[in-house]
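The values are calculated or read from the model by the stated rules, or taken from the named source; none is laboratory data. As the structure is a computational prediction, the values presented were derived from the model and not from experiment. FYI the Cβ positions are ideal-geometry reconstructions off the backbone, even for glycines, and counts take in every protein chain you see.
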Amino acid sequence: MRVSRMLLAGTAGLTLMLSACTTDAPDDAAGGGGGAEMTPDAEWFDQEEFDAQLAQREIEPEGPADEPWLQAIEPEWTDTSEFVHDSPEDATLCFSNASVSNPWRVTGFITMEQQVEALQEEGRIGEFRVSDAADDDNQQISDIQAFVDSGDCDAILISPSTTATLTPAVETACESGVPVVVFDRGVNSDCMVTFIHPIGGYAYGADAAEFLVDNLEPGSTVLALRILPGVDVLEHRWAAAQQIFGGSELDVLGYEFTEGDGAKIKDLVSQHLQRGEVDGIWMDAGDGAVAALEAFEDAGRPYPVISGEDELSFMRKWDEEGLTAVAPVYSNFQWRTPVLAASMILAGEEVPAEWILPQEPIGQGELQEFLDRNSDMPSLHYAKFGGEDLPGFPEAWTDR
Amino acid sequence: MTETPARRSAPLALLSSLGRGGTATVLLLLVLIFVVIATRNPSFFEGPPLMAFAKKAAPLIILAVGQYLVIVSGEFDLSVGSLVGAQVVIAARLIDGEEGMTLPVILVMLAFGLLVGLVNGLITTLLKVPSIITTLGMMLVLFGAVRFWTGGAPTGSLSEAFRVPGRGGIEGVPFLGQLPWAVLIALALTVGAVFLMRSPLGRSLMATGDNDVAAAFSGVRVQRVRTLAFVGSALMATVAAILIGGFAGVTAQVGQGMEFTAITAVVLGGVVLGGGRGTVVAAALGALTVEALFTLFNQLYLPSTIQPSVQGFIIIAAVAYAARRGDLRPPGRPRRRPDHEPERQLGTPRR
């Protein structure tokens, strides 16, 4: 028995040693160390779409400038007269939500509820029913089916949990004859009346990566912090960053998956700091950006150039410490648009078939303005939530 | 096999005597991992990086010690991860940046931990719900309640004072740089648990896990002892929450999956699931080993997404290994319960 224990331990040790040796390579790999391949994965990279999104950032959107949630980039208007409702104040809106499992979705959903209240007061919509699938595809499929089966819905709004799996469910909703509005993540179908989304993940990732390229000396090191693999909106951000870093002279140390967990982020960044310099941090979402910055504080290192998100904890830190930073924005105000679109459809007004909302990062110039506008808001709130003119402001967002 | 050959060299004998508790095995593994880390990153053993590692590992050590108390008494506590998350969210919401609230809120957290532990313990012992179900239920209850209370994402913020135990330390220590409070707290709690296990209560706990019927017959108040184990685990989770919240602040994901990491740590330390065997030190070393392994993966640039798989392998391998060692038990000793029907007597611990 003793012998076998020694044998086991020895084998384990040997395996560890061997794996240590065989994975030496990434350190010296060309085009960035740490196994960070700077050519985007073909599965997640579409050059045409990438170019289109980068171009859309420069296009002036149509619509009122002070109401970005009603703006649209190069809209193709579609006729909705077939869906006119005789008494919209009695129309029932049914919303199948993927989840409220992160602060971004929580903020957006509050805004949506307040928008519903505003429209109900105006008599433009009636009842608002919500089902929350808690990030479960199967749950959402049955939620949508339940809406269809109930026959009570005069319009169905869907924020899909995942793209491919939810496609048939969205098509079922379309076939039921009521207008369907999809927003945030898309599906592989164009049966809905309108698909609402900000410009997209490529533009987000590129905004962040371009800022680092512009603000760091050639040869500087960059660490990428990613939440999860395999989620299209996040993968597109990284693919765009790879594309831009690949064409730059920055040295990308690698990327780490963090699940947005502050403790994990802080630990991972600390470990990278032990091994060498980190001059820049690229993040695919701002959750835990402050934890990353604290790792620099605790290690006694100067702050990096960082791309976070328009989450307030990060923006406040940015202001307090005078960071060189940018806040790419995945427009949170998009949660208003689906309800507004539904009310327009029920009134027979034209809506864009693909409703591309503006998506502008917050730079140093606008930092103070957005901090002032959100001064009462909690730290896990998103600056561009766009609900300042809605009923219940600000209590609905501050007392969440 | 239990006879030790007389001519065995002294160090080997020492090793094998340590080995009976599983401590040597996990220590050996820990040293091996450290050696590999050192070959990858020699600067790891300079003071500050080592302290950064220890600071990160401290909450897991505390969770593992708490989990040890429950496992050694023959039960499980799956609710600790959710409890950590709930406690951090409660702290952020109640403190809301007010320095003066720090101490009162910490007291509230301890009271809440006490309550959760008590509920876990009483449901398991009085209602006879298997602990894996009780604490699984508690995990979901806490997870859902916090989501409901906060509307899905935490609000508020922690005070600077609250963050000191998890983030600060004694500055200017030679060689080490900063000696983190978290490490001292983890050390103190581990030592405290070692002494607890040597006390009559600790021995009762161990006896309960080994064979609750026999323990009951010999005068152990099994229900009380087990309930105390759950309370201990929940209080440890509360302390871990204070350290984790202090370490990195509030995020929505804090605490997720920590129950399984803690169980992995305990199992890796050779503490036998089902109770009755294992040492506190081995559980704490198990926690260090798990943390070290994750650090090593990071050094090797393995994606962190593979960590759950590794945890799974560790649990299975460690239990399989422990089961093999279980062959060494003297024959004729019942594993947990005798074959004949003893259930009725559980309610009457004193004859």
- Task: Quick one: count up the residues across segment B:168-193 that are of a type outside the set (A, V, I, L, M, F, W, C) and in a helix (DSSP H, G or I).
- Result: 2
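Can you name every residue in segment B:94-134 that is outside any helix (DSSP H, G or I) and farther than 28 Å from B:Glu160 by Cα?
Matches in segment B:94-134: B:Leu126, B:Leu127, B:Lys128, B:Val129, B:Pro130.
Results for (1) within 14 Å of chain A (Cβ to nearest Cβ); (2) touching a Pro at 6+ places or on another chain (Cβ under 6 Å); (3) among the basic types (Lys, Arg), shown as yes or no for each residue.
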site	(1), (2), (3)
B:Thr227	no, no, no
B:Met236	no, no, no
B:Val239	no, no, no
B:Leu243	yes, yes, no
B:Gly246	yes, yes, no
B:Thr261	yes, no, no
B:Val267	no, no, no
- Task: Could you grab me the full set of residues in segment B:142-151 that are in contact (Cβ under 8 Å) with a residue 24 or more places away in the chain and not aromatic (Phe, Trp, Tyr)?
- Result: B:Leu142, B:Ala145, B:Val146, B:Thr150
- When you go through (1) within 16 Å of A:Ala342 (Cβ to Cβ); (2) surrounded by fewer than 22 Cβ atoms within 10 Å (Cβ to Cβ); (3) in contact (Cβ under 8 Å) with a residue 60 or more places away in the chain one by one for A:Glu82, which number turns out not to apply? (3)
- Would you check which residues across segment B:148-162 are assigned to a helix (DSSP H, G or I) and crowded, with 20+ Cβ neighbours inside 10 Å and list them? B:Thr150, B:Phe162
- Any chance you could count how many residues in segment A:140-180 are over 22 Å from the mean Cα position of the chain (by Cα) and not aliphatic (A, V, I, L, M)? 18
- Residue set A:Gly262, A:Gly280; condition at pLDDT below 90 and either surrounded by fewer than 24 Cβ atoms within 10 Å (Cβ to Cβ) or not acidic (Asp, Glu) (or both); output residue A:Gly262
- Note on the structure: Expected single match for away from every other protein chain (no Cβ under 14 Å) and part of a loop (DSSP other than H, G, I, E, B) among A:Glu60, A:Glu82, A:Glu49 is A:Glu60
- Message: If A:Arg275 meets every condition in (1) touching a Leu at 6+ places or on another chain (Cβ under 7 Å); (2) within 14 Å of chain B (Cβ to nearest Cβ) apart from one, which number is that one?
- Response: (1)
- Given (1) in contact with a helix residue (DSSP H, G or I) (Cβ under 6 Å, 6 or more places away or on another chain); (2) within 13 Å of chain A (Cβ to nearest Cβ); (3) within 27 Å of B:Val191 (Cα to Cα); (4) part of a helix (DSSP H, G or I), number of the condition B:Ala322 does not satisfy: (1)
- Residue in segment B:102-113 that is modelled with pLDDT of 90 or more and under 20 Å from A:Glu294 (Cβ atoms) present: yes
- Residue in segment A:132-149 that is surrounded by the most Cβ atoms within 10 Å (Cβ to Cβ), counting only those that are touching a strand residue (DSSP E or B) at 6+ places or on another chain (Cβ under 8 Å) and of a type in the set (Gly, Ala, Ser): A:Ala133
- Item | In segment B:194-249, the residues that are outside any helix (DSSP H, G or I), surrounded by fewer than 20 Cβ atoms within 10 Å (Cβ to Cβ) and touching a residue at least 60 places away in the same chain (Cβ under 8 Å) | B:Gly219, B:Arg221
- Specify which of the listed residues (B:Thr125, B:Thr150) is among the hydroxyl-bearing types (Ser, Thr, Tyr) and within 12 Å of chain A (Cβ to nearest Cβ). B:Thr150
- Would you mention how many residues in segment A:85-104 are within 30 Å of B:Gly156 (Cα to Cα), more than 14 Å from chain B (Cβ to nearest Cβ) and polar (S, T, N, Q)? 1
- Message: I need a count of the residues in segment B:58-87 that are assigned to a helix (DSSP H, G or I) and over 10 Å from the mean Cα position of the chain (by Cα).
- Response: 9
- In segment A:207-219, residue farthest from the chain's Cα centre (by Cα) [restricted to those that are modelled with pLDDT of 95 or more and small (Gly, Ala, Ser)]: A:Ala209
- Task: Could you check A:Pro229 against (1) more than 10 Å from chain B (Cβ to nearest Cβ); (2) surrounded by fewer than 20 Cβ atoms within 10 Å (Cβ to Cβ); (3) touching a residue at least 12 places away in the same chain (Cβ under 8 Å) and say which number it fails?
- Result: (1)
- Query: Quick one: would you say A:Asp287 is within 22 Å of the chain's Cα centre (by Cα), buried (at least 24 other Cβ atoms within 10 Å of the Cβ) and within 7 Å of another protein chain (Cβ to nearest Cβ)?
  - Reply: yes
- Assess whether A:Pro103 counts as being in the same structural domain as A:Val339 (by TED's automatic domain parsing) and at pLDDT below 90. yes
- Output the number of the condition that A:Ile356 fails; it satisfies all remaining conditions of (1) touching a residue at least 40 places away in the same chain (Cβ under 8 Å); (2) surrounded by 22 or more Cβ atoms within 10 Å (Cβ to Cβ); (3) outside any strand (DSSP E or B). (3)
- Message: Condition first: surrounded by fewer than 24 Cβ atoms within 10 Å (Cβ to Cβ) and either assigned to a helix (DSSP H, G or I) or free of Cβ contacts under 8 Å to residues at least 60 places away in the same chain (or both). Now tell me which residues in segment B:276-290 satisfy that.
- Response: B:Val281
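Any residue at all in segment A:301-319 that's on the phi > 0 side of the Ramachandran plot and either crowded, with 21+ Cβ neighbours inside 10 Å or in a loop (DSSP other than H, G, I, E, B) (or both)?
Checking segment A:301-319: not a single residue is on the phi > 0 side of the Ramachandran plot and either crowded, with 21+ Cβ neighbours inside 10 Å or in a loop (DSSP other than H, G, I, E, B) (or both).
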